[in-house]
1. Counting just the residues of the range 145-186 that are within 30 Å of residue 131 (Cα to Cα) and touching a helix residue (DSSP H, G or I) at 6+ places or on another chain (Cβ under 9 Å), which one comes out modelled with the highest pLDDT?
2. Hey, residue 176 hits all of (1) assigned by TED's automatic domain parsing to the domain that holds residue 84; (2) out of contact with any strand residue (DSSP E or B) (no Cβ under 6 Å at 6 or more places or on another chain) but one; which does it fall short on?
3. Can you tell me which residue in the range 111-123 is farthest from residue 30 (Cα to Cα), limited to those that are out of contact with any helix residue (DSSP H, G or I) (no Cβ under 7 Å at 6 or more places or on another chain) and surrounded by 16 or more Cβ atoms within 10 Å (Cβ to Cβ)?
4. What number of residues within the range 210-225 are part of a strand (DSSP E or B) and either modelled with pLDDT of 80 or more or surrounded by 12 or more Cβ atoms within 10 Å (Cβ to Cβ) (or both)?
5. Can you report the number of residues in the range 189-202 which are closer than 18 Å to residue 162 by Cα and either surrounded by 15 or more Cβ atoms within 10 Å (Cβ to Cβ) or within 28 Å of the chain's Cα centre (by Cα) (or both)?
């Protein structure tokens, strides 16, 4: 480690995590420990208020608790953490970054992920059950579950039901006098009838319906059924 460079970076007034993150190649189990080791070597104290992260790194456990509470509404085994960081912090980070620096976003993701894993869940970088996005500017958490895909077949024994939702031609789904303020040309569709049950079961907010073949509204679907793909 370049001692003079470390002194210059430390002079900005950084917390242990932000200081250690600029020199990830030195000894230490994590960036916070590396920062403490650097301060000991330089004989300087930790800044009470970090110029770079503005206190975020001291709130990692708090952010993890917010995420864990938000996750209680979901059934999942694997997860992935991501975060949004204020542009001002990212710009500051560029000013002091070294060849051995790690980004603050990567450290936040990793450290929060380590805490969530203690609940018995597993981090997955390829296909997680849920993606957790943490906004560090307002300490808000967004959970995005992986879509559920359902394949099936149906028969339509009644004419006059469109295969998919049919928005009103006049208001394009907003609701008007022409469509009796339903936003639809027809009261129901195969899509809505099929989607209703799985959406209730999964508490899904939206769905996407794909029919494997075109079907006119005035026909029935008998015999070998009609294939559909459904995602909630």
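The values are calculated or read from the model by the stated rules, or taken from the named source; none is laboratory data. Since we're looking at a predicted model, the values are computed, not measured. Heads up, the Cβs are rebuilt from the backbone with ideal geometry, glycines too, and the neighbour counts pull from every protein chain shown.
1. The first filter runs over the range 145-186 and keeps only residues within 30 Å of residue 131 (Cα to Cα), leaving 145-152, 164-165.
Subset that is touching a helix residue (DSSP H, G or I) at 6+ places or on another chain (Cβ under 9 Å): 145, 148, 150, 152, 164-165.
On the way: 145: 92, 148: 86, 150: 86, 152: 83, 164: 87, 165: 88.
Within the range 145-186, the match that is modelled with the highest pLDDT is 145.
2. (1)
3. Of all residues in the range 111-123, those out of contact with any helix residue (DSSP H, G or I) (no Cβ under 7 Å at 6 or more places or on another chain) come to 113-114, 117-118, 120-122.
So of that shortlist, the ones also surrounded by 16 or more Cβ atoms within 10 Å (Cβ to Cβ) come out as 113, 121.
Working: 113: 14, 121: 21 Å.
The extreme case among them is 121.
4. So in the range 210-225, the residues part of a strand (DSSP E or B) come out as 210-211, 221-225.
Filter again for either modelled with pLDDT of 80 or more or surrounded by 12 or more Cβ atoms within 10 Å (Cβ to Cβ) (or both), leaving 210-211, 221, 225.
Total satisfying the criteria: 4.
5. 7
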